[in-house]
Amino acid sequence: MQLYIYFLGTGGSWPSSDRNVSATAIKRGGEVLLLDCGEGTQRQIQKSALSYMQITKIFITHFHGDHFLGLPGLFQTLQLNDRKEELHVYGPRGMKKLLYQLLHLGYFTPSYDIIGHEMEGGDEIQFDGYKVKCTYAFHNVPALSYSLEEDKRPGRFNKKKALELGVPEGPLFGKLQKGKEVEVNGKTITPDMVLGKPRPGRKITISGDTAPYDAFIEFAKGSDVLIHDATTDSSLEEKANEYGHSTARQAAEIALKAGVGKLYLTHISPRYRDAKPLEKEAREVFAESYVAHDFMEVEVKLKK
Ligand SMILES: [Zn+2]
Ligand SMILES: [Zn+2]
């Protein structure tokens, strides 16, 4: 199954001519998950390869305007496009009340169900083929970081071993690969006899707005992709941390300690017209660091 990340808004605080405010989409197969939905996100979706009708779940990190003000407009557009499927919106405590407020602005009665879910740090929800976990971020209002982790894949099939055990090539191979027992000449062959260790799926972690903190390292551990707050460069570290944000260098330090595959820096302050210096300082710590930009697409491949 293909897994893509679409950066829809990579700027912090307010939209600039180069960057819209926070929104990231994860497309897994035919499903789109939206993480944060800053003002104007629906327009960003329209300009991307995505369809907003494919969004099944929205995860909001916290209730600063640059992370959720795009919701009411998106809800109304979905209605005008005849959406019938339920839409699930997850967020920290207060999500249900906020949804109620957003749904009672002006004349709007949704024709589809919009269902709010409130999450606590440490919660995890199992979906079809993956789970979403959250932890508390270190921000100046209640905020969550999220990770999407795919279910483990079955181990590699050992054809030689199967043949040695007398399993003929054909449909019985497929059964064993799917984790089912088979009978051969009155002998039971179980999948563990012919399959290697289960292989991990892919993991994507999104910090949301946060100052660096140690517990997050464990949360992000082993991610293929980490998307991290990098509001400023190191010269403004004290100020960034005071407001519950990280610098590019601090994001890279987290990435290094968490042993992630790639780091994407986001929530870039509108003060930077050119964000290359942020990428440069991050790469001094962690080579696989990239400044995300609006409409950047990243494929996350399965490890061999
Ligand atoms: Zn923000
Ligand atoms: Zn914030």
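The values are calculated or read from the model by the stated rules, or taken from the named source; none is laboratory data. Please read all numbers here as calculations on a predicted model, not as lab measurements. For neighbour counting, all protein chains shown are included, and Cβ atoms are generated from backbone atoms with ideal geometry for every residue, glycine included.
Scan Leu102, Leu69 and give me the residue that is over 18 Å from the mean Cα position of the chain (by Cα), within 16 Å of ligand 2 (Cβ to nearest atom) and among the hydrophobic types (A, V, I, L, M, F, W, C).
Values: Leu102 fails: within 16 Å of ligand 2 (Cβ to nearest atom).
Answer to the check: Leu69.
For region 1-11: of the residues being outside any strand (DSSP E or B) and at pLDDT 95 or above, which is nearest to ligand 1 (Cβ to nearest atom)?
Looking at the filtered set, the residue picked out is Thr10.
Looking at region 22-37, which of its residues are assigned to a strand (DSSP E or B) and within 16 Å of ligand 2 (Cβ to nearest atom)?
Let us first name the residues in region 22-37 that are assigned to a strand (DSSP E or B), namely 23-28, 31-35.
Ala23, Thr24, Leu35, listed by residue number.
Would you mind listing the strands (runs of 3 or more DSSP E) fully within region 38-138 where at least 3 residues are of a type in the set (S, T, N, Q) and within 16 Å of ligand 1 (Cβ to nearest atom)? Working first, answer last.
Details: elements: 55-59, 87-91, 114-118, 124-126, 130-136.
Ranges flagged: none.
Considering Lys301, Lys257, Lys239, which residue is under 26 Å from Val141 (Cβ atoms), away from ligand 1 (no atom under 16 Å from the Cβ), of a type outside the set (Gly, Ala, Ser) and surrounded by fewer than 18 Cβ atoms within 10 Å (Cβ to Cβ)? Lay out the reasoning, then the answer.
Working: Lys301 fails: under 26 Å from Val141 (Cβ atoms); Lys239 fails: away from ligand 1 (no atom under 16 Å from the Cβ).
Result of the check over Lys301, Lys257, Lys239: Lys257.
Which members of region 276-298 meet the condition of being away from ligand 1 (no atom under 16 Å from the Cβ) and either small (Gly, Ala, Ser) or free of Cβ contacts under 8 Å to residues at least 24 places away in the same chain (or both)?
Selection gives Lys276, Lys280, Ala282, Ala287, Ser289.
How many residues are more than 16 Å from ligand 1 (Cβ to nearest atom), in a strand (DSSP E or B) and not charged (D, E, K, R) when one looks only at region 139-160?
Matching residues across region 139-160 total 3.
From Phe138, Phe219, which residue is touching a residue at least 60 places away in the same chain (Cβ under 8 Å), away from ligand 2 (no atom under 16 Å from the Cβ) and within 20 Å of Ile254 (Cβ to Cβ)?
Details: Phe138 fails: away from ligand 2 (no atom under 16 Å from the Cβ).
Matching residue, one of Phe138, Phe219: Phe219.
Quick check on Leu99: is it in contact with a Phe, Trp or Tyr (Cβ under 7 Å, 6 or more places away or on another chain), surrounded by 13 or more Cβ atoms within 10 Å (Cβ to Cβ) and over 23 Å from Phe219 (Cα atoms)? Reasoning before the result, please.
On the way: in contact with a Phe, Trp or Tyr (Cβ under 7 Å, 6 or more places away or on another chain): no; surrounded by 13 or more Cβ atoms within 10 Å (Cβ to Cβ): yes; over 23 Å from Phe219 (Cα atoms): yes.
The answer is no for Leu99.
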